[in-house]
Amino acid sequence: MSLLSKRLVSIAASTVLLSLVSASANAQTDVLTGGSDGGGVGYGATSTYKFTGSMILNSIGFYTDNKSYSSLEYSIKGQTYRYGVDFFDNSLNIENGFTWLTISPQAMVSNETVTVYTNYEYYDFFDNEMRTETDLFRNFTVNPSANVSYEGLVTGAFANVPNSGYTNSNLRVSPANPGSNVAPEPGSFALALTGGAALLGICVRRRRTAG
């Protein structure tokens, strides 16, 4: 094999490896998986998450059941961010009843917490007054690979006692360590193989031409 061919093979292998490492580093995990609609309560609600290891926090998911909520808030490291002040509709994406906000990636370490508050205000024409309500999610599972524990939801309907069976939110995280063992997404894997195969094809053609 010529020196050029060897270099092309090396480049192809490096391309595949770097693509897979990058995909692994960027793979995101939902802290809460599965679940179903849990109805609503006539109060605002706050859910709390505690990190049990180092992770990157990428997105906040508010369970709005596709409604236009008036109050969406989250707090990280003592700083609170509010809908209509710190983020707006153009930053939100609705997915399966959750309104997701992609934030600037935040490095989180063990014992750091994130709280999420939701409240929906609407006018009740029948009673001629303003009302508040929060939609809840239930029957979910906490993903152990996310390195986050769910501490429960507090609302007046539960006498302000944390209830771990309901939530008004979700989080999306990714590994803090790029070398962690996370499977790349199928699309990224296919793209890496395609790029590597193309470079290997060039190598083979050049070798045949040289021969």
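The values are calculated or read from the model by the stated rules, or taken from the named source; none is laboratory data. Please read all numbers here as calculations on a predicted model, not as lab measurements. Here the Cβ positions follow ideal geometry from the backbone for every residue, glycine too, while neighbour counts run over all protein chains shown. In case anyone asks, the SASA skips ligands and DNA or RNA and just uses the protein heavy atoms, side chains included. Shrake-Rupley method; radii C 1.70, N 1.55, O 1.52, S 1.80 Å.
Looking only at the stretch 46-71, residues that are part of a loop (DSSP other than H, G, I, E, B), open to solvent by less than 40 Å² (accessible area, probe 1.4 Å) and closer than 21 Å to Ala27 by Cα come to 1 in all. Being in contact with a strand residue (DSSP E or B) (Cβ under 9 Å, 6 or more places away or on another chain) and either hydroxyl-bearing (Ser, Thr, Tyr) or surrounded by fewer than 17 Cβ atoms within 10 Å (Cβ to Cβ) (or both) is the filter here; which residues of the stretch 93-102 pass it? Listed by number, the residues that qualify are Asn93, Ile94, Glu95, Thr99, Thr102. Figure legend. Inter-residue proximity from the stretch 35-50: first residues in contact (Cβ under 8 Å) with a residue 40 or more places away in the chain and on the phi < 0 side of the Ramachandran plot, second residues among the basic types (Lys, Arg) and surrounded by fewer than 19 Cβ atoms within 10 Å (Cβ to Cβ), beta-carbon distance below 8 Å, spacing 6+ or different chains. Indicated pairs: Ser36/Arg138; Asp37/Arg138; Gly38/Arg138; Gly42/Arg131.
Annotation: of all residues in the stretch 128-174 being polar (S, T, N, Q) and at positive phi, the one that is least open to solvent (accessible area, probe 1.4 Å) is Asn147.
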